[in-house]
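Taking it in order: structure first as structure tokens, then the write-up.
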């Protein structure tokens, strides 16, 4: 299977501890600053950082249920910027399975064919009733009431999802007709980074998100299709309730009219009198 490599230069120290199974965790701040934390997050014996002859450091991370396979074939090198290159070997681009991070947050996903023609699982982080992101569990000291705020590390992502959710509502009412592509790409990339070892550099090299599918990725992430279905259900329930009310009123009015105009009933009442 194609392996993705990241070639870095001028790396700060402390990013890699070869003596620890989770060899990148101690360098989280540095990897985050480099924009590569989604690639090395939760690596447990399935990643390595080693020097190359040209002075760069080469980062490789592979799926947890596989073993590292030394690369063979022609190397395709893609320059992201002057300090970072991405490469793979062979004629095939890395596929979703090659970047699998084992879905550590156990999020529901929506299968979607992206620009490379492969099926990617897009995580859902919200639904009509609220967030699907991990939460902390705490209790109010005075009342004992359970509190479960979204974990701090995902709070910014949740707030961004609220922005996109609000924008979709505004689009329905005609209050919004456009969005900023750069912001959309950032959010979509972060979403895929929850399910795959995927970051801005990965996207720059593989180009799986484009102007055609970026909205679909965002809509899946914020649970927009489920929200639309819920709206339809609410309208259907309201329509059904209105019809029941109309039928009920018509039934009552109709009964009164029949009793008042029924000659047999009227005659019977006279006779009883």
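The values are calculated or read from the model by the stated rules, or taken from the named source; none is laboratory data. Computed from a prediction, not measured in an experiment: that's the story for all the values here. When we count neighbours, we look across all protein chains shown, and the Cβ atoms used for this are built from the backbone with ideal geometry, even at glycine.
For (1) in contact with a strand residue (DSSP E or B) (Cβ under 6 Å, 6 or more places away or on another chain); (2) surrounded by fewer than 12 Cβ atoms within 10 Å (Cβ to Cβ); (3) touching a residue at least 24 places away in the same chain (Cβ under 8 Å); (4) not in a loop (DSSP other than H, G, I, E, B), each residue gets a yes or a no:
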site	(1), (2), (3), (4)
141	no, yes, no, no
144	no, yes, no, no
155	no, no, no, yes
159	no, yes, no, yes
167	no, no, no, yes
187	no, no, yes, yes
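For the stretch 108-131, which residues satisfy the criterion of being in contact (Cβ under 8 Å) with a residue 60 or more places away in the chain and within 13 Å of the chain's Cα centre (by Cα)? Once the filter is applied, which keeps residues that are in contact (Cβ under 8 Å) with a residue 60 or more places away in the chain and within 13 Å of the chain's Cα centre (by Cα), the stretch 108-131 yields 109, 110, 112, 120, 121, 122, 123, 124, 125, 126, 127. Among the residues examined, residue 113 does not qualify as modelled with pLDDT of 95 or more and surrounded by 13 or more Cβ atoms within 10 Å (Cβ to Cβ). Does the stretch 194-217 hold any residues that are buried (at least 19 other Cβ atoms within 10 Å of the Cβ), assigned to a helix (DSSP H, G or I) and in contact with a strand residue (DSSP E or B) (Cβ under 9 Å, 6 or more places away or on another chain), and which are they? If the condition is that a residue be buried (at least 19 other Cβ atoms within 10 Å of the Cβ), assigned to a helix (DSSP H, G or I) and in contact with a strand residue (DSSP E or B) (Cβ under 9 Å, 6 or more places away or on another chain), then 194, 195, 201, 202, 205, 206, 217 are the ones that fit.
For every residue, the table says whether it meets (1) more than 23 Å from the chain's Cα centre (by Cα); (2) assigned to a helix (DSSP H, G or I); (3) more than 26 Å from residue 115 (Cα to Cα); (4) modelled with pLDDT under 95.
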residue	(1), (2), (3), (4)
44	yes, no, yes, yes
50	yes, no, yes, yes
54	yes, no, yes, yes
59	yes, no, no, no
69	yes, no, yes, yes
73	yes, no, no, yes
77	yes, no, no, yes
87	yes, no, no, no
